[in-house]
Structure formats: structure tokens, C-alpha cells
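Presented below is the structure to which this report refers.
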Amino acid sequence: MKTHLLLLICALLLCACTPADDGMALQDDYLKRLSNALDVDPAQHVDSAEIIRYRLPARRERVINIPEVRISLIELLVEVRRCPKLQQQISLRNNSLGKQLSPSSRLAYEGDLLRAIDACIDYVRGDEEQALLGTLAQLAQDKRAQLPAVFWNALNASPEVERYLRFDEHALALNADKDSAALDALAQLARIGHALPATLPPSAEQLDPLFFALHASDKGGQLIHSLVSLTHSLNQGSRMLQNRQQQRPVCPTGKATERGRILQNIFVKYYAGSLQPYLAQVDQRGQSWSHSLRSLSNVSQVPAATHQYLQSLSADQDSLWADFQKATFRHVRSWQDLLNSCGLAPGQSGWNGSAANAE
């Protein structure tokens with residue numbers, strides 16, 4: 001009994017000592033060390049307004065009102081008795097369960113219905129039943145025209161997609177899983193959207209795993225958190241470096257000083273050695289994520305609120321992704337300028353690439 005109690009206490013102590021958000025802990029530690037080494041004011045905390053900018057718009061602003069194309073059960077069930085698959089699809093849509101299809105299931109259903117209509121048209125064409133052919137052709141035309149709107153409702157009214165793009169309370173962990181299933185699902189959904197209406201949406205057996213992959217992942221929201229926090233942290237670090245150089249140059253004579261060597265150690269050990277690998281992890285994941293979101297934002301009939309939101313996350317300019325890349329470049333340049341001014345940059349005589357004691 002005592003052994004079990006001891007193990008429980010040890011486990012609790014270990015949990016208490018482990019940062020709940022090691023991605024944020026890394027950034028806070030880096031900025032604290034940098035401000036101490038530069039002898040400047042500490043970094044400011046991220047403003048909540050920076051986070052709110054990346055909330056999803058209200059669902060009512062994203063969902064499209066799609067006029068109902070009524071399929072008369074009485075008329076068509078008699079007419080298409082030789083097309084059992086189409087009969088089955090019509091019956092499904094008109095029963096109580098069919099009327100309550102989720103938005104993602106509706107997308108799969110519309111694809112199945114159109115495939116059944118196309119097959120029925122091919123079957124009855126030889127019988128020269130012009131009235132039935134005309135009815136089926138008009139139904140297919142109307143349904144195909146609605147596919148982009150059905151696609152967007154499948155995404156915009158989907159709790160799975162909303163969860164994946166919801167801002168998370170935590171940043172990505174330092175060694176987070178690659179999240180390849182969700183990233184691949186996002187890319188596949190973008191391809192499906194662009195292919196409509198020429199290529200019909202896939203069946204539920206193919207679509208459901210894509211939505212499930214997004215629902216099962218908490219990495220989308222964590223990536224958004226990481227991009228917001230890293231952009232802020234990098235800009236705060238750049239501000240410290242630039243302000244110190246403008247007000248009190250670290251190496252006023254262009255020769256290495258004790259403080260310059262301390263900062264070189266900070267650069268080697270805490271920027272290049274700790275923060276930069278995390279930046280690379282976020283950047284690698286963000287490349288695929290932002291590409292898929294940009295692609296989605298250009299799918300036909302995208303609602304204005306959705307287009308604006310996706311662009312705010314992933315556009316090449318004036319977006320969360322672009323701001324992160326800009327902040328990364330600015331921070332590297334700020335370090336280069338300071339180290340160059342001391343003769344301590346890579347390639348200069350004072351460069352020491354091995355991390356010394358940077359405390």
C-alpha cells in the first residue's frame with residue numbers, strides 16, 4: 001500500500017514539475033534570458049486582441065442557404081423503377097433520417113445521388129423516354145450547380161472543421177506528433193472542392209475519415225496558437241535587440257565586449273540550440289497547413305466571411321502565416337546586425353559556434 005502511495009506522489013510531483021505548455025515555456029525562457037543579457041525591459045505579454053483576430057466568424061455568416069430541389073417521391077419512384085439505386089437514394093433523402101443528414105453526410109449523399117441519376121440516364125436513354133430523360137437531366141443539372149454550396153456547408157457547419165481551426169489554449173509541444181492525417185485530410189478536402197462540380201464528391205466511406213481526422217486532432221488550434229505566440233515573441237526579441245543597438249550599442253567600438261560574448265552564447269545556446277528547432281518544426285507544419293487553407297479560400301462559391309478568415313490565416317501577405325515568416329526573418333536580421341557589430345557573427349574572427357555558459 002505504501003509503495004503504491006509513494007508511486008502516486010512521485011507521479012504527481014513529476015506532473016507538477018513538467019510545464020503544461022512547453023512551447024510557451026521555451027519562448028518565455030528565451031525572452032527572459034535575452035532581456036537580462038541585453039539589460040533591457042522584459043518582453044510584453046501577447047495582447048488578447050491579437051488572438052481574437054483569428055477566431056472563426058459566426059456560423060450564420062459562413063453557412064449558405066441552399067434552395068431545396070424537391071424530388072417528388074410519388075412521380076419518380078414510379079418512373080425510375082428500373083433504376084433501383086436511384087430509387088434507394090430518393091427514398092433515403094425523403095425518410096426521417098435523410099432529412100436530418102449532417103452537412104458532411106449531405107455532401108456524400110449528393111455525390112451518390114448524382115452518380116445514381118447519371119447511371120439511370122444511361123440506362124433509360126435507349127428506351128427514348130424523353131419525359132423521364134428530361135426530368136432526370138434537369139435534376140442532375142440543378143444538383144450539380146449546388147455542389148460547391150453543399151461543399152462549403154459541409155465544412156462551415158462541420159464541428160470537425162471548426163474544432164480543427166479553433167484557437168487552442170496551448171502552443172504545439174516541442175516534440176509534437178506530425179499530425180499528418182489531419183494535414184492530409186485538409187489537402188484532400190481542398191482538392192475535392194476545386195474538382196467540383198465536374199468531379200462528384202466521394203462517398204461517405206471516403207469522406208468520413210477526412211472529417212474524423214480533423215476532429216481527432218488538436219494540433220490545428222495549437223498551430224494557430226504557436227504562430228500567434230511565436231510571431232509576438234520574435235518581434236519582442238527583435239525589438240529588444242534593435243532598441244539596445246540604437247540606444248546603447250553592445251560593442252560601441254566595433255570590437256567584442258564581455259556583453260557581446262554573453263549575447264553570442266545566448267544566440268548559440270538558446271536561439272540556435274533551442275528556439276530555432278522549434279521554429280523549424282512549426283514552419284514545416286505551417287507550410288502544408290497554409291497551402292491547403294489558401295487553396296480552400298479559392299474554391300468556387302466560398303462565402304465571403306470564410307474567404308476572409310482563411311486569407312487572414314494563410315495569405316501570402318497580411319496574414320498570420322505571412323506575419324510569422326516576416327517576424328522570423330526580422331529576428332534573424334536583428335541578431336546578424338548585433339553580432340556583426342561586435343565581430344562575433346558566423347564567418348567573423350570572433351565567431352564561436354559552441355555554446356558556452358550563457359547564464
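Legend: calculated FRET efficiency, Asp208 to Arg115, from the Cβ-Cβ distance at R0 = 30 Å, rounded to 0.05, equals 0.95. Dipole orientation for the chain: of the candidates Phe267, Asn36, Gly111, Asn36 has the Cα lying most toward the positive pole (charges on Cβ; Lys, Arg +1; Asp, Glu -1).
Highest mobility in the GNM of the chain, judged by mean-square fluctuation with C-alpha springs under 10 Å and restricted to Leu183, Leu155, Leu136, is found for Leu136. Peptides 156-166, 41-51, ordered by how many other C-beta atoms sit within 10 Å of their residues on average, highest first, read 156-166, 41-51. When the chain is treated as a GNM with alpha-carbon contacts under 10 Å, the residue of Asn153, Asn65, Asn340 showing the greatest mean-square fluctuation is Asn65. Given +1 at the Cβ of Lys and Arg, -1 at the Cβ of Asp and Glu and no other charges, the dipole of the stretch 110-255 around its Cα centre is 1560 debye to the nearest 20. Assuming a ≥ b ≥ c are the square roots of the Cα gyration tensor eigenvalues, decide whether the stretch 202-322 counts as rounded (a/c under 1.5), prolate (otherwise, with a/b larger than b/c) or oblate. Prolate, since a/c reaches 1.5 and a/b exceeds b/c. Viscosity 0.890 mPa s, temperature 25 °C: Stokes-Einstein D of the stretch 82-181 from its Kirkwood Cα radius, in µm² per second? Calculated translational D: 151 µm²/s.
Across the options Leu296, Gly353, Gly220, the greatest Cα extent toward the positive end of the charge dipole of the stretch 213-359 (unit charges at beta carbon of Lys, Arg, Asp, Glu) belongs to Gly353.
If you work out Cα Rg over 2.2 N^0.38 Å from the coordinates, which of [x] 1.38; [y] 1.26; [z] 0.97 do you get? So the structure-derived entry is [x].
Measuring from label point to label point, each 7 Å out along Cα→Cβ, what is the Asp184 to Gln141 span in nm? The two pseudo-label positions are separated by 4.1 nm. The modelled label-to-label distance between His291 and Glu169, using points 7 Å beyond Cα along the C-beta direction, is 3.4 nm. Using the Cβ-Cβ distance between Asn298 and Leu133 with R0 = 51 Å, the FRET efficiency computed as 1/(1 + (r/R0)^6) comes to roughly 0.90. At an R0 of 22 angstrom, the distance between the Cβ atoms of Gln245 and Phe329 translates into a FRET efficiency of 0.80. Taking every DSSP helix (H) stretch of at least 4 residues in the chain, weighting each as -39,500 (n - 2.57) and dividing the sum by the residue count yields a mean residue ellipticity at 222 nm of -21500 deg cm²/dmol. Counting other Cβ atoms within 10 Å as a rough exposure proxy, the listed residues Val69, Val268 run Val69, Val268 from fewest neighbours to most.
Placing a pseudo-label 7 Å from each Cα along the Cα-to-Cβ vector at Thr257 and Asp337 gives an inter-label distance of 1.7 nm. Each of Trp335, Trp351 was scored by other Cβ atoms within 10 Å of its Cβ. Listed from fewest to most, they are Trp351, Trp335. Applying 0.36 nm per residue to the separation of Asp283 and Arg125 and subtracting their alpha-carbon distance, the gain on full extension is 51.4 nm. For the chain, a simple Cβ point-charge model (Lys and Arg +1, Asp and Glu -1, everything else neutral) yields a dipole of about 660 debye relative to the Cα centre. By the count of other C-beta atoms within 10 Å, a proxy for reagent exposure, Cys251, Cys120 are ordered fewest to most as Cys251, Cys120. Which helices pass in the chain if a helix is a full DSSP H run, must span at least 18 angstrom along its long axis by Cα, and must have mean Kyte-Doolittle hydropathy not below 1.6? Answer set is 2-17.
Laboratory data are not the source of any read-out in this text; all were calculated from the coordinates shown. Just so it is clear, the structure is predicted and the values come from calculations on it, not from any experiment. Methodologically, a virtual Cβ is constructed for each residue, glycine included, from the backbone with ideal geometry; neighbour enumeration extends over all protein chains shown.
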